[in-house]
């Protein structure tokens, strides 16, 4: 299951820096994961200092939907 970011994100971009497939997209206050790009490696989950990332099967459905939608709207995180 792809990773999902919730509103605990502090926009530090640690996740984007460790993601091997550039699945993160940056908004004004947080990032979102593109579920079509994420390879489910879980590296971002263990590296997130805010604990804002989880597997989509453990996340609230609103965050699964949010990440899928926003990752299509927001630019790729660098």
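The values are calculated or read from the model by the stated rules, or taken from the named source; none is laboratory data. Keep in mind the model is a prediction, meaning the values are calculated, not measured. We place every Cβ from the backbone using ideal geometry, glycine too, and count neighbours over all the protein chains shown.
Among the residues making up the range 1-60, those that are assigned to a strand (DSSP E or B) and either buried (at least 17 other Cβ atoms within 10 Å of the Cβ) or modelled with pLDDT under 95 (or both) are 3, 4, 5, 24, 25, 26, 31, 32, 33, 53, 54. Across the range 67-78, the number of residues qualifying as surrounded by fewer than 20 Cβ atoms within 10 Å (Cβ to Cβ) and assigned to a helix (DSSP H, G or I) comes to 5. Could you please find all residues in the range 24-45 being in contact with a helix residue (DSSP H, G or I) (Cβ under 9 Å, 6 or more places away or on another chain) and closer than 17 Å to residue 11 by Cα? Correct list: 24, 25, 26, 27, 30, 31, 32, 33, 34, 43, 44, 45.
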